Amino acid sequence: MFRLWAREFKDNRMLKDTVIEDDRDDTRTHKIFRALEEICLQFDLSKPIWLESTVSDFKRHSKTRFTQDNFIDEIDFDYLEIQVIEED
């Protein structure tokens with residue numbers, strides 16, 4: 001089972017969170033992109049852009065933050081954080 005936890009923060013307070021589960025037989029990368037797409041649907045967001053720093057953080061820690069720099073549209077929160085909480 002693959003699980004990705006997403007949280008929206010503003011002023012150091014969590015506004016929303018969700019956990020996306022994926023038990024399909026697929027690559028980790030595909031699971032992450034599908035989970036992020038589901039998160040954006042649930043939170044009514046445009047898809048964020050993966051910048052070099054975002055990719056680097058995610059590779060190192062299985063966790064990263066998407067700030068206004070990652071979004072084309074204006075966001076009404078400080079950052080969206082995603083974290084892998086379970087992998088098989």
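In the context of the full protein assembly, VAL55 retains an accessible surface of approximately 50 Å², using a probe radius of 1.4 Å and ignoring ligands and nucleic acids.
What the phi angles of the stretch 36-42 give under the Karplus curve with 6.51, -1.76 and 1.60, with θ = phi - 60°, is a coupling list of 5, 5, 5, 4, 4, 5, 5 Hz, glycine and proline written as x.
Residues LYS47, LYS10 ordered from highest to lowest accessible area at a 1.4 Å probe: LYS47, LYS10. Here the 3J(HN,Hα) profile of the stretch 66-75, calculated from phi with Karplus coefficients 6.51, -1.76 and 1.60 at θ = phi - 60°, is 9, 9, 4, 4, 8, 10, 7, 6, 6, 10 Hz, Gly and Pro shown as x.
Each Cα pair under 8 Å and six or more residues apart adds its separation to the average, and for the chain the resulting relative contact order is 40 percent. For the pair the stretch 1-33 and the stretch 49-88, the centres of their Cα atoms are 10 angstrom apart. The packing ranking, built from the mean of other Cβ atoms within 10 Å per residue, places the peptides 62-69, 22-29 in the order 62-69, 22-29, highest first. Note on the stretch 3-48: with neighbouring protein chains present and a 1.4 Å probe, carbon and sulfur make up 43 percent of its accessible heavy-atom surface.
If the Kirkwood radius is taken over C-alpha pairs of the chain, then at 10 °C and 1.306 mPa s the Stokes-Einstein diffusion coefficient equals 121 µm²/s.
The values are calculated or read from the model by the stated rules, or taken from the named source; none is laboratory data. Keep in mind that what you see is a predicted model, and the values were worked out from it rather than measured. Quick reminder, even Gly has a Cβ in these numbers, built from the backbone with ideal geometry, and neighbours come from all protein chains shown. Just so you know, the surface numbers come from the protein's heavy atoms only, side chains and all, with ligands and any DNA or RNA stripped out. Shrake-Rupley method; radii C 1.70, N 1.55, O 1.52, S 1.80 Å.
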